[in-house]
Amino acid sequence: MARLDYGSLCAFVAEPTRTRSAEAMSPKTVGLIVFEQMAAADLTGPAEAFSRAKPPIGDDRGLRCYQLLTLGVGATPCVTECGIIVKPRLDIRDAPRLDTIIVSGGSGIDYARLRKKIAKWLSRRAPATRRIAALGRGIYTLAATGLLDGRQVAVHWRFAKDVAVRFPNLRVNPNTLFIRDGPFYTCAGGTSAIDLSLSLIEEDYGRQIALNVARELVLHSKRSGEQGQYSEPLQFQVESSERFADMAAWILCSLNQDLSIEALAQRACMSPRNFARVFKHAFGTTPAEFVVTARINEAQRRLRVPRTSIESVGASVGFKSADAFSRAFERQVGCRPSTYRARLGITPQGDFLNRRSRNVEPLLAHA
């Protein structure tokens, strides 16, 4: 009977459920479609994210999770909207079997002939491709295939009405960053293309590798698809006076610090009384209400992370006790944090460890 040594036992307990073996980590081929007047961010953002994803085995820096191929409608170099020149590695007609296809956006997609060529190629490739993603205005190309009919799609707020009119069979969502519906993924474009890419990496190789990429790219946070395209901090900065211009960003980066009205007023170089009056006049809410809302919104995101305790989440966003956190959360959301997690089907830390222990016990019995 094979024995289970201490090192193997520790590895078993600590191993995330979605960790892949080295053998299963052969690079997945991602095809990035490029064309004249494409949005450079729709290419460079995902390309950087996918290229930095590496398996957590050994020290060999040559190991990568993805192989990237730029695919053009022809082999001639393309000039992006911002002037960067991109040379396709292959013509789309010569592309090998692909695991993932990324359809970029950009004003060049307005050319009907180009859009028709790419759409026709996508229709042929779709049955043999695991997933296809459309970024920003790339939705026009993918929607033209008919493959998205009846599906929900995330569309940049600027083009949502036009997409809904031109493709009435789509269920257009102009608010979220990205959406998955079956094997098709759509996102608003811009920086949300990086958020979608991180989600795809997590889907393939687990949360830790995706978070490692986010850290490499120095992202403030790994955003989930349901987050709004027009964030509250950005709205706050757009509407704020010069004195308050960076206040929202600082609050969101300092949720576990002293955010009392006195501390905020000192940062704005105002008296607490004057600060409270000017703040409420400008934004229709008190500083305290804004801080609590910011803390609870961030807590909701952190509660979606498996194996974090409610107490640690509350402390991380600035609540001094679990009870104070639970009461504030219930006032804002309508239920306690534990109920919120249960509705989402998220496993608390204790339950996860208990399940892992139950899995380990039979192995120990045979050790």
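In sequence order, segment 320-332 has phi-based couplings of 7, 8, 5, 5, 4, 5, 4, 5, 5, 4, 5, 5, 7 Hz under the Karplus curve 6.51 cos²θ - 1.76 cosθ + 1.60, θ = phi - 60°, and Gly or Pro positions carry x. Ranking of His156, His220, His281 by solvent-accessible surface, largest first: His281, His220, His156 (1.4 Å probe, protein heavy atoms only, all chains present). Net charge of the neighbourhood of Val163, taken over other residues with C-beta under 14 Å away and scored Lys/Arg +1, Asp/Glu -1, is +4. The phi-based Karplus calculation (6.51 cos²θ - 1.76 cosθ + 1.60; θ = phi - 60°) puts the 3J(HN,Hα) values of segment 282-292 at 6, 10, x, 8, 7, x, 5, 5, 5, 5, 4 Hz, whole numbers, x for Gly and Pro. Applying the Karplus relation 6.51 cos²θ - 1.76 cosθ + 1.60 with θ = phi - 60° to segment 207-218 yields 3J(HN,Hα) values of 5, 5, 5, 4, 5, 4, 5, 4, 5, 4, 8, 6 Hz, where x marks Gly and Pro.
The length gained on full extension between Ile346 and Ser107, counted as 0.36 nm times the residue separation minus their Cα-Cα distance, comes to 81.9 nm. Taking all protein chains as they are arranged and a probe of 1.4 Å, the heavy atoms of Thr70 leave approximately 30 Å² accessible to solvent.
Per residue, the solvent-accessible area of segment 70-172 (1.4 Å probe, heavy atoms of protein chains only, all protein chains present) comes to 50 Å². Between Arg327 and Ser221, the modelled label-to-label distance comes to 2.5 nm, taking each label 7 Å out from Cα in the direction of the beta carbon. When the listed pairs Lys54/Lys120; Lys87/Lys117; Lys28/Lys116; Lys87/Lys120; Lys87/Lys116 are checked against a 25 Å cut-off, the alpha-carbon distance exceeds it for Lys54/Lys120; Lys28/Lys116. Surface calculation, 1.4 Å probe, protein heavy atoms: Lys120 sits at approximately 130 Å² accessible. Taking all protein chains together and rolling a 1.4 Å probe, Ser221 ends up with roughly 50 Å² accessible.
Once the Cβ-Cβ distance of Asp94 and Asn169 is raised to the sixth power relative to R0 = 22 Å, the FRET efficiency obtained is 0.10.
The values are calculated or read from the model by the stated rules, or taken from the named source; none is laboratory data. These numbers were taken from a predicted model, which means no experiment stands behind them. Backbone-built Cβ (ideal geometry, glycine too); neighbour counts: all protein chains shown. Please note that ligands, DNA and RNA were not included when accessible areas were found on the heavy atoms of the full protein model with its side chains. Shrake-Rupley method; radii C 1.70, N 1.55, O 1.52, S 1.80 Å.
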